[in-house]
Amino acid sequence: MVAPRYRSRALRRVFVKTPGGRVNVHYKKRKPSGAKCRECGTVLRGVPREIPSKLKRLAKSERRPQRPYGGCLCSRCMRKFFVQKAKEIVLKND
């Protein structure tokens, strides 16, 4: 019988083949949903889907893209934002 702490479906079952030819079941935590853009809500590229404890161990450059608003806005929304800012600056100078 499985130990009570492993009976929850919150843990995913990973079947691992051992060198002896047996198949063991390893219980691992499920991954969280991906980070989303704060403007349009699409899943951000370049941001790993990891639990916070594993995410903390990654280098800063591996956690998010190296661009302005990386990890907060998708590239499409970021471009729109900068075009809008540029238009505001041009209108202010006129």
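Each value in this text was obtained by applying a stated rule to the coordinates, not by laboratory testing. Note that the structure is a prediction, hence the values are computed from the model and not measured. Note that each Cβ is placed from the backbone with ideal geometry, even for glycine, and that neighbours are counted across all protein chains shown.
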Any residue that is surrounded by 12 or more Cβ atoms within 10 Å (Cβ to Cβ) and not aliphatic (A, V, I, L, M) - is there at least one of those in the stretch 14-26? no
Among the helices (runs of 4 or more DSSP H) lying completely within the chain, list those that include at least 1 residues that are touching an Asp or Glu at 6+ places or on another chain (Cβ under 7 Å) and without any contact (Cβ under 8 Å) to a residue 60 or more places away in the chain. 75-93
